[in-house]
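**Q** I have a structure here, written as structure tokens, and I will follow up with some questions on it.
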Amino acid sequence: MQTHILGYPRIGSQRELKKASENYWADKITLKELLETAASIRKGNWELQRAAGINLIPSNDFSFYDQVLDMTMVVNAIPERYHDVILKEGKTELDLYFAMARGYQKNGLDITAMEMTKWFDTNYHYIVPEFTKNQKFKLFSSKIIDEFKEAKREGIITKPVIIGPVSFLLLGKEKGEDFNRLDLIDSLLPVYLELLTQLVAQGAEWIQFDEPYLALDIDEQAKATYAKVYKAIHQHFPKLNTLVATYFEGLRSNVDLAVSLPVKALHIDLVRAPEQLISVLHKAPIDLTISLGVVDGRNIWKNNFSESIEIIKMAINQIGEDKVMIGTSCSLLHSPCDLDHENKEETLTPIIKSWLAFAKQKVEEVAQLKKLVLGNATTGLEELSANKHAHEIRQNSSLIHNADVKKRVSNIIESDARRGSKFEARKVAQQQVLNLPLYPTTTIGSFPQTKEVRSWRSQFKKGSISEKEYNELLAEETSRAIEWQENIGLDVLVHGEFERNDMVEYFGEQLQGFVFTQNGWVQSYGSRCVKPPIIYGDVSRPEAMTVKWSTYAQELTDKLVKGMLTGPVTILQWSFVRNDQPRSVTCNQIALAIRDEVEDLEDAGIKVIQIDEPAIREGLPLRESDWKEYLDWAIKAFRLSSSGVKDETQIHTHMCYSEFNDIIESIADMDADVITIECSRSQMELLDAFVQFNYPNDIGPGVYDIHSPRVPNKSEMEELLIKAKNVLPEGQLWVNPDCGLKTRGWEETRKALVEMVSAAQAMREKVAASVE
Ligand code: GLN
Ligand code: ZN
């Protein structure tokens, strides 16, 4: 019985790779220094797995930016526009690679970056391969072989991790002439075979092909391609131990296909889809090894040894010990690195810490499970009982259980998640109170988080300024923002969110049931990392969270100030969530806490309240047949958070970077009075969904892109508004930027919003003129 992991985080436990890459991009360190940092991370990762006793240690799980982009380089699928980086600029292969990831603007060249998108349903983003009709591939980057050799020099024969050819094609996009990217398999496969030849020549015995699409909804052509590809690989390398890895979902109806592939081993994710075990074991042919992904690669909870041992023993009983492997459910890329670096007991108490396992601890768990399963009656008893103990403590801890919260959730009734009146009636009631012009203007919430604002926060955290001083500084900044918004003539103002670090962290810090780590970073894309909070217990709100700043701002002006909250689904989606109850229950708990906040804001005189839900779309399950169930509870949780108010109180929501077409019905079902959405980049294309669906409530289609410092002018925004007006009733439209302005500077923000307000005025004048 062998142990392995599917991959280890490469960012470094102190984010060494992030820092080195950013310094390299800024010309602050040399290529040599960057390469040294990378090599030392790889070596550290291999060593810690060797020390833990892992049998098959992965290589090529390292990446300077993204593993899909690595594969694009390996098979030379480099779009033509980047060729000049080498030809004209004489740059290195690594610089070319970074140019593809980040774009290249130098010496008169202006090459845009390749597109980036979410890696299945994780918060990791990969670089999307671009394929053209009749594309040719050839072996280009030797990264996979180099890393294999590098580990061999350390005395480790690794298991190279390679994105399987079918998933690699499916991850990409067709460009130019119409064709199906799976048709490229005949020119791609020989390159994989060539790569395998070289790896085998170097002494590789195992290869892991990541084929997550095998666990998704795929069509007949994809299925046939799977059969063909793995047959060919087997024919060429009958003795090579090939492992096909699936994760993030169960095989479901693809199980027959999966077990029929002529490979040595099949990996299945038993954390996400434990129910697939029975049918996989039942259907597996006699010589197929099954790798059991029992240690959760995507969450931070300690493995439950008793449960895992039961699963492993059951598999051994059915297919024999030599046919069983133990592994992580997916790559540990999605876990923070090392729990040993968490030592701030005030926040992450020793008890809660004893419930957790990060990547390094998960590696140890995999190795321990093998010992526990294979050992005699006395081996590892101590470890086993310590593990049991931690789970019992967690299960029964008063830290995680709050009877009032549980009772409130179980008492939720349908009408709690519905506004008192229908939108048409609310709209009339709101207009009487709010008295807004046509084309009302607003922003999405945050104003620039300048160096000063951030330095106040860090000084306050360090204790070099007092809470009083900190709050005074924030108050001044807020009041400047209010005054300025009044002056330029915005209709619905915001307080600016200067007091907030991050839209989830700010609420998590004030809610019961959340903890925060110091170093729990997870790679989001390239050198970007996020540090998600951990939801460990029942969620409740000890006191109001935003009322102070919202009322402070409202008292400064006669104009409306919008209250600003993060919605329950987004808080859930961007956290590590407890695994001892359904996500929907946790989501409802958060929803009730937000609902209380909404009501407190209303009581304090706030008449417009925005509940941001940028992550609703990304929570969508990978299998379409599961969408409905998710949407039902997610949308309801939003409504639960927003429906406790009077008709007159106007609820806004905001969403960004999503395609809405396939879930527009559910978005309408959120029943927010106003939705502001990101859509200026696609020039209002996104609005199509809203138009076709006949979306009933008010809409603020973003009229300018906040992701770039470029200042848009009045007429281009006016043009977008005219486009919107041509397809939607005028009375339904709001005018706002795409998203929050916290990453922008004040100078461009001021100019852009002045232009935006005059674009709205121009629209109103047209209406006035046509009435006369
Ligand atoms: N209110 C938040 C802000 O303005 C919204 C952020 C988001 O949509 N991601 O920053
Ligand atoms: Zn946004």
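The values are calculated or read from the model by the stated rules, or taken from the named source; none is laboratory data. Just so it is clear, the model here is predicted, and its values are computed rather than measured. Every residue, glycine as well, gets a Cβ built from its backbone with ideal geometry; the counts of neighbours run over all protein chains shown.
**Q** Which ranges mark the strands (runs of 3 or more DSSP E) fully within segment 506-582 that have 2 or more residues being touching a strand residue (DSSP E or B) at 6+ places or on another chain (Cβ under 8 Å), among the hydrophobic types (A, V, I, L, M, F, W, C) and crowded, with 23+ Cβ neighbours inside 10 Å?
**A** Filter on segment 506-582 gives 534-540, 560-566.
**Q** Oh, and also: Just to verify a result, which residue in segment 46-79, among those that are in contact with an Asp or Glu (Cβ under 8 Å, 6 or more places away or on another chain) and outside any loop (DSSP other than H, G, I, E, B), is surrounded by the fewest Cβ atoms within 10 Å (Cβ to Cβ)?
**A** 47
**Q** Give the residues of segment 484-505 that are under 18 Å from residue 450 (Cβ atoms) and part of a loop (DSSP other than H, G, I, E, B), sorted by residue number.
**A** Within segment 484-505, 495, 497, 498, 499, 500, 501, 502, 503 meet the criteria.
**Q** On the basis of being touching a helix residue (DSSP H, G or I) at 6+ places or on another chain (Cβ under 9 Å), touching a residue at least 60 places away in the same chain (Cβ under 8 Å), under 25 Å from residue 639 (Cα atoms) and not in a loop (DSSP other than H, G, I, E, B), does residue 405 make the cut?
**A** The answer is yes for residue 405.
**Q** Next question. Could you tell me whether residue 632 is more than 16 Å from ligand 1 (Cβ to nearest atom), of a type in the set (D, E, K, R) and within 27 Å of residue 424 (Cβ to Cβ)?
**A** yes
**Q** Is it true that residue 664 is more than 14 Å from ligand 1 (Cβ to nearest atom), under 30 Å from residue 644 (Cβ atoms) and touching a strand residue (DSSP E or B) at 6+ places or on another chain (Cβ under 6 Å)?
**A** no
**Q** Tell me which of these residue 136 doesn't satisfy, since it passes every other one: (1) touching a Ser or Thr at 6+ places or on another chain (Cβ under 7 Å); (2) within 30 Å of residue 297 (Cβ to Cβ); (3) among the charged types (D, E, K, R).
**A** (2)
**Q** May I pose another question? Mind checking which residues of segment 462-483 are buried (at least 17 other Cβ atoms within 10 Å of the Cβ) and either charged (D, E, K, R) or not in a helix (DSSP H, G or I) (or both)?
**A** Once the filter is applied, which keeps residues that are buried (at least 17 other Cβ atoms within 10 Å of the Cβ) and either charged (D, E, K, R) or not in a helix (DSSP H, G or I) (or both), segment 462-483 yields 465, 477.
**Q** Which one of these does residue 545 not meet: (1) within 23 Å of the chain's Cα centre (by Cα); (2) within 30 Å of residue 358 (Cβ to Cβ)?
**A** (1)
**Q** Here's something else I'd like to know. Only one residue in 589, 610 is within 16 Å of ligand 1 (Cβ to nearest atom) and surrounded by 18 or more Cβ atoms within 10 Å (Cβ to Cβ). Which one?
**A** Step by step, each of 589, 610 is checked, and only 610 is within 16 Å of ligand 1 (Cβ to nearest atom) and surrounded by 18 or more Cβ atoms within 10 Å (Cβ to Cβ).
**Q** Name the single residue, out of those in segment 671-698 being within 16 Å of ligand 2 (Cβ to nearest atom) and among the polar types (S, T, N, Q), that is modelled with the highest pLDDT.
**A** Checked segment 671-698; the qualifying residue modelled with the highest pLDDT is 676.
**Q** While we're on this one: Among all residue pairs at least 6 apart or on different chains, which show Cβ distances below 6 Å where the first residue, located in segment 462-473, is within 14 Å of residue 552 (Cβ to Cβ) and the second is among the basic types (Lys, Arg) and modelled with pLDDT under 95?
**A** Close Cβ pairs (under 6 Å, with a partner that is among the basic types (Lys, Arg) and modelled with pLDDT under 95) do not exist here.
Residues are listed down the side, and each one gets a yes or a no for (1) within 16 Å of ligand 2 (Cβ to nearest atom); (2) of a type in the set (Ser, Thr, Tyr); (3) under 30 Å from residue 400 (Cα atoms):
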site	(1), (2), (3)
437	no, no, no
455	no, yes, no
473	no, no, no
481	no, no, no
494	yes, no, no
508	no, no, yes
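**Q** Let me ask something else about it. Restricting to segment 538-577, name every residue that is within 30 Å of residue 486 (Cβ to Cβ) and among the aromatic types (Phe, Trp, Tyr).
**A** Correct list: 549, 552.
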